[in-house]
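Asks: Below: one structure in structure tokens.
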Amino acid sequence: MTQTSAVPLPPPEERRRLREAGALTQAQVAERVGVSRETVRAWESGRTAPRGRRRDAYAQLLWSIADKTGGQEPEEVHDMTALQYLAESTATAPGPPPERPAETRLTPAQAFDALYAFCAPALVRQTFLLTGRRELARESVERAFQNAWQRWPEVARDRDPAGWVRAAAYEFALSPWHRFRPRYRHPEPPPSDAFDRALLDVLLQLPPPQRRTLVLYDGVGLDLPETAAETEASTRAAAKRLMNARTAVAARLPDLSDPSALHRRLAELASTERLRAAKPMVVRDGSERRARFWTRAAIAFTVALIGTTALTLRTAPTHYEPPVPPGSTVRGVPPRMAPGPLSEKERELREKLRKQMQSGPERLLPQVT
């Protein structure tokens, strides 16, 4: 008869979030538990389950991370399976929602805060590795969670809400339009450690697809198929990007030619910055203000469009009026001339006409009485 462990083990989809919240790589977790990195990866994907003493050590490590990160109350983070219940309760499905124990019922705001508490701290550090800018990293994470709150029923139903938010944050952080913003034209102060500065400089010189693949695989600890799916590339293309990125890093920093050393240095570089995310309530309020602003802007644009259309219909002509052609010069007409003196022939003709008798009735001449 097997003895059941007293320490509960989080579900597979929450184990990776806890590890990311503690800024740990799969290699570091494997070293603490006493297993290989591939075993930890299989535990996080749900392909296998830990047993015996290793299960107890793994569960204690995860819950210790949960106690240290986020600073949330125990009732908000003690059971992350409530996110799955929220995905069912927030969906507009017919029929009453399934009955669940009272301790697992969370409101949408509480579930969002729990997801934010587990994902935001580590996600800010990961985004810093992509951009090298602290403010841009915080803004990217806040914008991603604002979009997630606006689409919360969709995000809650997703199989990996953390992956949804992470993809949105990475897309916003790597947008090329940030270079035109005045506040991001000048570089930020680099890390104080010389090796960290060199590593960050190498990362920022990589093309964005290679940089994102390297952070996801070696920093976050995703599998190659998961990395390819999140970067919207094939597995072969993701592997090629990863190899090119590792080659570029090893050429500049030979000490990081070993993948395990690269994992460790990426985690140390991300954790030394002490980046903090905003409060979840601030993010939710910002998302609602942003939604109200765009809603009012859409209404104002619609009203302006309707007014312009009505004015056009009011002032437009009701029948066709042919255009007046432009004037043109008529050629061949002699110019007007004032009467001048008579010539000799004209004077003779006038005299002749006066002398000859007129044929026809006699003229009536007025007589003076």
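The values are calculated or read from the model by the stated rules, or taken from the named source; none is laboratory data. Keep in mind that this is a model prediction, so the values were computed, not measured. Counting neighbours? That spans all protein chains shown, and the Cβs are built from the backbone with ideal geometry, glycine included. These area figures cover heavy atoms from the full protein model, side chains too; ligands, DNA and RNA do not enter into them. Shrake-Rupley method; radii C 1.70, N 1.55, O 1.52, S 1.80 Å.
Asks: Just checking, does the stretch 155-171 include any residue being aromatic (F, W, Y), more than 19 Å from the chain's Cα centre (by Cα) and open to solvent by less than 60 Å² (accessible area, probe 1.4 Å)?
Replies: Applying the first criterion (aromatic (F, W, Y)) to the stretch 155-171 yields 164, 170.
Filter once more, keeping what is more than 19 Å from the chain's Cα centre (by Cα): none.
The answer is no, given that none of the residues of the stretch 155-171 is aromatic (F, W, Y), more than 19 Å from the chain's Cα centre (by Cα) and open to solvent by less than 60 Å² (accessible area, probe 1.4 Å).
Asks: Moving on. Of P50, P11, which residue is more than 14 Å from V220 (Cα to Cα) and under 35 Å from the mean Cα position of the chain (by Cα)?
Replies: Details: P50 fails: under 35 Å from the mean Cα position of the chain (by Cα).
The unique qualifying residue is P11.
Asks: Turning to a different aspect of this structure: Being polar (S, T, N, Q) and outside any loop (DSSP other than H, G, I, E, B) is true for just one of T318, T247. Which residue is that? Write out each step before concluding.
Replies: Values: T318 fails: outside any loop (DSSP other than H, G, I, E, B).
Result: T247 is the single residue among T318, T247 that is polar (S, T, N, Q) and outside any loop (DSSP other than H, G, I, E, B).
Asks: A further question follows. In this structure, does D258 turn out to be acidic (D, E) and open to solvent by 70 Å² or more (accessible area, probe 1.4 Å)?
Replies: Values: acidic (D, E): yes; open to solvent by 70 Å² or more (accessible area, probe 1.4 Å): yes.
So D258 fits the description; yes.
Asks: What residue, of A167, A148, A156, is of a type outside the set (K, R), more than 12 Å from L275 (Cβ to Cβ) and modelled with pLDDT under 90?
Replies: Working: A167 fails: modelled with pLDDT under 90; A148 fails: modelled with pLDDT under 90.
None of the other options fit; the residue is A156.
Asks: Moving to a separate point now. Of (1) open to solvent by less than 80 Å² (accessible area, probe 1.4 Å); (2) within 30 Å of S192 (Cα to Cα), D285 satisfies all except one. Which?
Replies: (2)
Asks: Just one of L342, L311, L349 is surrounded by 10 or more Cβ atoms within 10 Å (Cβ to Cβ), modelled with pLDDT of 80 or more and assigned to a loop (DSSP other than H, G, I, E, B); which is it? Even if it seems obvious, please write down each step before you answer.
Replies: Values: L311 fails: assigned to a loop (DSSP other than H, G, I, E, B); L349 fails: assigned to a loop (DSSP other than H, G, I, E, B).
When all the criteria are applied, what remains is L342.
Asks: Select from the stretch 136-154 the residues that are in contact (Cβ under 8 Å) with a residue 40 or more places away in the chain and open to solvent by 30 Å² or more (accessible area, probe 1.4 Å) and write down the one among them that is farthest from the chain's Cα centre (by Cα).
Replies: P153
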